[in-house]
Amino acid sequence: MDTMSGGTWRPAERVRGMGTSIFTEMTELARETGAVNLGQGVPELASPPQLLRDVADAVLGGHNQYPPAIGLPALREAVAAHQLRRYGLGLDPACEVLVTTGATEALAACVLALCDPGDEIIAFDPCYDAYAADARLAGARLVGVPLAADGDGFALDAGALRAAVTPRTRVLILNTPHNPTGKVFTPAELEAVAAVCREHDLTAVTDEVYEHLVYGDVPHRPIAALPGMRERTLSVSSAGKTFNTTGWKVGWVTGPAPLVAAVNAAKQFLTYASGTPYQGALARALDSVEEWAAGLRSQLRGHRDLLTTGLEAAGLRPFRSDAGYFVQADVRPAGYEDGVAFCRDLPGRVGVVAIPTSAFQVAEGPRWLVRFSFCKREATLDEAVTRLKRLAA
Ligand SMILES: *Cc1c(COP(=O)(O)O)cnc(C)c1O
């Protein structure tokens, strides 16, 4: 019961305990201490100038009312063309592409559309924090299958995946390129995941928001492109990470028409639709995304190297990050067994904020991993690296 409100109410079971997170605590710590915030993955990087002008023109030109619930035709066509061009996936923009309010809404709508209370969803642990929340909103349970530290990276444990499947498992969420580890699933790993989905008749829901931000040798490949997977996969992506426009919240789901229709049934009563001026502008930007993304990748690759080298110089043990915005580091060499304790001390000791990876763990996992973000300006990273070196002093 909340006595502060004066009434006799209590939060519903589905949101109980969701309010306070380590993210809030660390953001607050960064503010109080003036620390360099490498906690949240909020990019400090530029967006394509033409894209910004196109949005401004759309707003001033009066494109400010509801778009169709499934999204502006131009953006649905651009998404379909993107999937065909990059991955050889043919889609009908009329019924196999759904525009959403970011990948966040897309994922929530997919889970709400596919899971009944008591159903189970598998995800690879650690994982993006929205998955557990989405499962809970649907009355389902998220089951974490650990990605085990393997040399300087993280690897799928196919045996653990098989062991996690039960008769109640309905959905497998596959996030590749992966947040928080920066892992890109290899072709062999993708095939192992696909085999489990086919054998147990699971629906794959993907999270591919970092599809354009791959720095290593293994290219991103959507699991929908594997044999027998297109008909059982809902693929989710977003413009936020690709164009450094995380505040716009434009994402999309693609897949077979009946699955997309079920997702839209949930989605239309979450937001109905949003972002008309952004959608039109993004349609044009997506048509020429390859050139833009190549430049952004080379910038982010440099930032990853800067941060990784800095973490080594600070006496931590960074893992290899092949994609996305983050590097994980083992903080045991700095004398900490627990990443939460490390992150609580770090702002006071050297003036940097990071997030303990345990915040992304569904099941028990290593406590000694900490996530640092490199989607920041070079000056921000230089300052963070200089400060982190004091850890080794
Ligand atoms: C940022 C992020 C999202 C959220 O995407 P939006 O389009 O901003 O809603 C989803 N999944 C992962 C893994 C992310 O890192």
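The values are calculated or read from the model by the stated rules, or taken from the named source; none is laboratory data. Computed from a predicted model, the values in this text were never measured in an experiment. No Cβ is skipped: glycine too gets one built from the backbone with ideal geometry, and neighbour counts run over all protein chains shown. For accessibility, only protein heavy atoms count, side chains too; no ligands or nucleic acids. Shrake-Rupley method; radii C 1.70, N 1.55, O 1.52, S 1.80 Å.
For Glu44 and Glu199, a Förster radius of 56 Å and the Cβ-Cβ distance give a FRET efficiency of 0.80, rounded to the nearest 0.05.
Excluding ligands, DNA and RNA, what is the solvent-accessible area per residue of the chain at a probe of 1.4 Å, expressed in Å²? Walk me through the intermediate numbers first.
Numbers: 16130 Å² over 393 residues.
Accessible area per residue, the chain: 41 Å².
You can think of it this way: the chain between Asn64 and Thr186 has 39.7 nm of extra reach, that is 0.36 nm per residue less the Cα-Cα gap. Peptides 307-316, 97-106 ranked from most to least packed give 97-106, 307-316, packing being the mean of other C-beta atoms within 10 angstrom over each peptide's residues.
Once the Cβ-Cβ distance of Glu290 and Trp9 is raised to the sixth power relative to R0 = 56 Å, the FRET efficiency obtained is 0.60.
What's the carbon and sulfur percent of the chain's accessible surface, probe 1.4 angstrom, rounded to a whole number? Mind dumping the intermediate values first?
Details: 8720 of 16130 Å².
Accessible surface attributable to carbon and sulfur in the chain totals 54 percent.
Each of Trp292, Trp368, Trp9, Trp252 has its accessible area taken with a 1.4 Å probe; listed largest first, they run Trp9, Trp292, Trp368, Trp252.
Shape class for the stretch 202-307, computed from the alpha carbon gyration tensor (a ≥ b ≥ c): oblate, with a/c not under 1.5 and a/b at or below b/c. Placing a pseudo-label 7 Å from each Cα along the Cα-to-Cβ vector at Arg377 and Tyr272 gives an inter-label distance of 4.0 nm. With label points built 7 Å along Cα→Cβ from the Cα atoms of Glu231 and Ala94, find their separation and express it in nm. Distance between label points: 2.2 nm.
Percent relative contact order of the chain, based on C-alpha pairs within less than 8 angstrom and at least six residues apart? Display every interim value, and only then the final one.
Working: 809 pairs, mean separation 94.4, N = 393.
So the answer I get is 24 percent.
For a straight C-alpha distance cut-off of 30 angstrom, the lysines reachable from Lys249 (same-chain residues fewer than eight places away being disregarded) are Lys183, Lys241, Lys267, Lys376. Among rounded, prolate and oblate, which fits the stretch 218-263 when a ≥ b ≥ c are the square roots of the eigenvalues of its C-alpha gyration tensor, a/c under 1.5 means rounded, and a/b larger than b/c means prolate? It comes out oblate by the Cα gyration axes.
Using only helices, what value at 222 nm comes out for the chain when you add -39,500 (n - 2.57) per DSSP H run of length 4 or more and divide by the total residues, to the nearest 500 deg cm²/dmol?
-12000 deg cm²/dmol
Classify the chain as rounded, prolate or oblate, taking a ≥ b ≥ c as the square roots of the eigenvalues of its Cα gyration tensor: rounded when a/c is under 1.5, otherwise prolate if a/b is larger than b/c and oblate if not. In terms of gyration-tensor shape, rounded. The stretch between Arg53 and Ala392 holds 117.4 nm of extra length on full extension. This uses 0.36 nm per residue minus the Cα-Cα distance.
For the chain, complete DSSP H runs whose alpha carbons reach 30 Å or more along their own long axis and whose mean Kyte-Doolittle score is -1.0 or higher are 289-313. Report the relative contact order of the stretch 1-101, percent, no decimals, based on alpha-carbon pairs under 8 angstrom and at least 6 residues apart. Relative contact order here is 15 percent. Each label point was placed 7 Å from the Cα along the Cα-to-Cβ direction; for Leu84 and Ser298 their separation is 3.0 nm. The calculated FRET efficiency for Thr24 paired with Ala163, based on their beta-carbon distance and R0 = 41 Å, is about 0.75.
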